[in-house]
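Worksheet for the structure shown next.
The values are calculated or read from the model by the stated rules, or taken from the named source; none is laboratory data. As the structure is a computational prediction, the values presented were derived from the model and not from experiment. All Cβ positions, glycine included, derive from the backbone under ideal geometry; neighbour counts span all protein chains shown.
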Amino acid sequence: MELFFFSLFAFLAVLCGINVVLQHHPISSALSLVGVMGSLAMLYLGLGAEFIAMAQIIVYAGAIMVLFIFVIMLLNAGTETGRGKASWTAHLLGAPALIALFVLLCLFSTRWFPNSESVKFGDFTGGGAQQIGYALFTDYLLPFEVTSVLILIAIIGAIVLARKEID
Amino acid sequence: MEAFLIITAIKLAVILGVFMTTLAYLQWVERKVIAHVQVRMGPSRVGPHGLLQPLADVIKLITKEGVMPPHVNKFFYLLAPFLAVFMALICISIVPFGTSLTVPAFTIGGVAYGPYTTMMELADINTGVLFILAVSSLGVYGIALAGWSSNNKYSLLGGLRSSAQMISYELPLSLALAAPLLSAGTLNLRGIVDAQGGFYLGFIPRWAIFEMPFPQIISFIIFMIAAFAETNRIPFDLPEAENELVAGFHVEYSSMGFAAFFMAEYANMVTVCSVATLLFLGGWHPLWPESLGSNLFAPVLMFLTGAICVYHGLNPARPFDRITLPVFGVVFFALAGGLAFRPTVPIVMPIFWFVAKLSFLLFVFIWIRATLPRFRYDQLMGFAWKFLFPLALANLLVTGFLVALFA
């Protein structure tokens, strides 16, 4: 059961990821990205991380991607037109380079993690809001606070940039 | 396992049937209430008191021709209503509307079937509140895509307005939701309702809006205001403002596409009202304790309604009232009998209180639509960011401080 859902959503995630690149229209690409986010959330759910799965949908699919689509609609970006022919090197070396990269990745992952266990589904129970909150405010307090300061800096930066525009 | 599947299928059928009927009749109730507020009759031609009007509307919408304008983006034009209605309907699956139901053991054809106990909801998930937030934040895609794919300036403006408005009001909505969660200590909807059981001093219910360290009345009001914006209802129905945008994001839709958006709006209304009931109004817990006779309230109310119907049926204002109103009276008497029937009281009474609170909030939605005018767009945005958001933040801070202090 778990394996079926894992395969389904892993397949969907990869399919949507490829579709992001293949689509000519920005809205189609953005929606494919939403599909990737949703599939990833389902994978988290399969691993028992309920809170992370819901946060993934709320933050990425529900807020960030809506903003992307809002901006695309606002600018009324049309279909990609200046799509030139790819150079002959890309045609010649593209597929071999991809295969080589994949083989190298497999090689390195087996070399670096020689006897790692395979992922198990359904026996992880520490993914609730309580456990995440506890971890954030005990073990990971410093990274958590530093990240929030980083986001604050980003907000201030955005305000400064926008003010210049208004003046 | 098989029993679980069969019970779930039965629950699914019942909930779907009741929910769809509610959505259809909610529109009849809305038209009637607005009509009476404006001293009109409202729908009254199809069936007695216009009661068959929803059926007539459904038949009209199904049999109409679905026009596909030539300038639309076909794929997204067809996808948008599906998305909107799917995201709106799926939320009801995790709303608990009562305690549990136990079917005693029985035998059919010599085979014994053990006693079955089932909770009164479709799915009980640990992150219920987050699930509703996630799904409702995905609902904006339906509207935004409908506006964009119609390739029409009015619908594009409607779609833009709706995405901006829903992003803005999601913040105060989530912050207002977080405040009662602090004292409940769980994200599970059933757990939140259970945390609100009991009474202070024997008669004040422990609902979140009366809660003792810090009553959540402010976050309840913030939640309701943000809910109006999230569901695109008057006074925040800028995405479909008739006098500016014709009909906003669904200008180009006809037939079932239009019906899907219409249904999504009412389903969203029911969802936010259910969430408000569960989080702030104590779910199915009665307003006063059973020892003071809260179980008598429902039958007495139904009986009085039936008596009023019968009285007006005997002194009819219109000729057909002589037949219709006594029939309604008998229906209400039957309801009163069902609610007073002792063996079913522990099952029926929680559902009655939940439905009563839900209907009250839905009535408030309709009442406000009949009363208030529409805001201007800059007022809408300024209100969310400059007033509602800081207020919700301050409320959350005070709640967190007091909960940490007293708990």
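Read through the list (1) surrounded by fewer than 20 Cβ atoms within 10 Å (Cβ to Cβ); (2) under 20 Å from B:I10 (Cβ atoms); (3) in contact with a Pro (Cβ under 7 Å, 6 or more places away or on another chain), then give the number of the only condition that B:G98 fails.
(1)
Only residues that are among the hydrophobic types (A, V, I, L, M, F, W, C), over 18 Å from B:A392 (Cβ atoms) and surrounded by 14 or more Cβ atoms within 10 Å (Cβ to Cβ): list them for the stretch B:205-217, please.
Residues satisfying the conditions are B:W207, B:F210.
Out of B:F363, B:F303, which single residue is in a helix (DSSP H, G or I), touching a helix residue (DSSP H, G or I) at 6+ places or on another chain (Cβ under 9 Å) and touching a residue at least 60 places away in the same chain (Cβ under 8 Å)?
Going through B:F363, B:F303 in turn, just one is in a helix (DSSP H, G or I), touching a helix residue (DSSP H, G or I) at 6+ places or on another chain (Cβ under 9 Å) and touching a residue at least 60 places away in the same chain (Cβ under 8 Å): B:F363.
Among the residues of the stretch B:38-57, count how many are of a type in the set (V, I, T) and loosely packed, with under 14 Cβ neighbours inside 10 Å.
Adding up the residues that qualify gives 1.
For B:A35, which of the numbered conditions (1) surrounded by 16 or more Cβ atoms within 10 Å (Cβ to Cβ); (2) assigned to a loop (DSSP other than H, G, I, E, B) fails to hold?
(2)
Among the residues of the stretch B:74-86, are any closer than 23 Å to A:E50 by Cβ and either within 13 Å of chain A (Cβ to nearest Cβ) or within 23 Å of the chain's Cα centre (by Cα) (or both)?
Scanning the stretch B:74-86 turns up at least one residue that is closer than 23 Å to A:E50 by Cβ and either within 13 Å of chain A (Cβ to nearest Cβ) or within 23 Å of the chain's Cα centre (by Cα) (or both).
In the list B:F387, B:F360, which residue meets the criterion of being closer than 18 Å to B:T231 by Cβ, modelled with pLDDT of 90 or more, surrounded by fewer than 17 Cβ atoms within 10 Å (Cβ to Cβ) and out of contact with any Leu (no Cβ under 6 Å at 6 or more places or on another chain)?
Testing whether each residue is closer than 18 Å to B:T231 by Cβ, modelled with pLDDT of 90 or more, surrounded by fewer than 17 Cβ atoms within 10 Å (Cβ to Cβ) and out of contact with any Leu (no Cβ under 6 Å at 6 or more places or on another chain) leaves just B:F360.
Name every residue in the stretch B:328-349 that is touching a residue at least 12 places away in the same chain (Cβ under 8 Å) and either within 23 Å of B:H49 (Cβ to Cβ) or among the charged types (D, E, K, R) (or both), in order of residue number.
Residues satisfying the conditions are B:F328, B:G329, B:V330, B:V331, B:F332, B:F333, B:L335, B:A336.
Just for the stretch B:150-164: of the residues that are over 26 Å from B:M224 (Cα atoms) and surrounded by fewer than 24 Cβ atoms within 10 Å (Cβ to Cβ), which one is nearest to the other protein chains (Cβ to nearest Cβ)?
Step by step, filter the stretch B:150-164, then rank; the result is B:L156.
Which residue, of A:A41, A:A63, A:A53, is surrounded by fewer than 20 Cβ atoms within 10 Å (Cβ to Cβ), facing another protein chain (nearest Cβ under 10 Å) and under 14 Å from the mean Cα position of the chain (by Cα)?
A:A63
Of everything in the stretch B:188-199, what is under 24 Å from B:A394 (Cβ atoms), out of contact with any Lys or Arg (no Cβ under 7 Å at 6 or more places or on another chain) and surrounded by 22 or more Cβ atoms within 10 Å (Cβ to Cβ)? Give them in sequence order.
B:I192
Taking the stated definitions as given, is B:G202 on the phi > 0 side of the Ramachandran plot, surrounded by fewer than 19 Cβ atoms within 10 Å (Cβ to Cβ) and in a loop (DSSP other than H, G, I, E, B)?
Yes: the conditions hold for B:G202.
Just checking, how many residues over the stretch B:102-134 are more than 8 Å from every other protein chain (Cβ to nearest Cβ) and closer than 30 Å to A:F70 by Cα?
3
Quick one: would you say B:R374 is surrounded by 14 or more Cβ atoms within 10 Å (Cβ to Cβ) and not in a helix (DSSP H, G or I)?
For B:R374, the condition - surrounded by 14 or more Cβ atoms within 10 Å (Cβ to Cβ) and not in a helix (DSSP H, G or I) - is met.
In the stretch B:102-143, what residues are crowded, with 20+ Cβ neighbours inside 10 Å and without any contact (Cβ under 8 Å) to a residue 24 or more places away in the chain?
Within the stretch B:102-143, just B:A134 meets the criteria.
Got a number for residues in the stretch B:328-347 being part of a helix (DSSP H, G or I) and surrounded by fewer than 17 Cβ atoms within 10 Å (Cβ to Cβ)?
Residues meeting the conditions: 10.
Looking only at the stretch B:45-56, count how many residues are of a type in the set (G, A, S), within 25 Å of the chain's Cα centre (by Cα) and assigned to a loop (DSSP other than H, G, I, E, B).
Result for the stretch B:45-56: 0.
Is there a residue being in contact with a Lys or Arg (Cβ under 9 Å, 6 or more places away or on another chain) and touching a residue at least 12 places away in the same chain (Cβ under 8 Å) anywhere in the stretch B:211-227?
yes
Just give me the residues in the stretch B:165-180 being in contact with a Leu (Cβ under 9 Å, 6 or more places away or on another chain), facing chain A (nearest Cβ under 9 Å) and buried (at least 20 other Cβ atoms within 10 Å of the Cβ), in sequence order.
Residue satisfying the conditions is B:E170 alone.
Could you list, in sequence order, all residues of the stretch B:242-259 that are surrounded by fewer than 23 Cβ atoms within 10 Å (Cβ to Cβ) and closer than 18 Å to B:E30 by Cβ?
Within the stretch B:242-259, B:E242, B:A247, B:F258, B:A259 meet the criteria.
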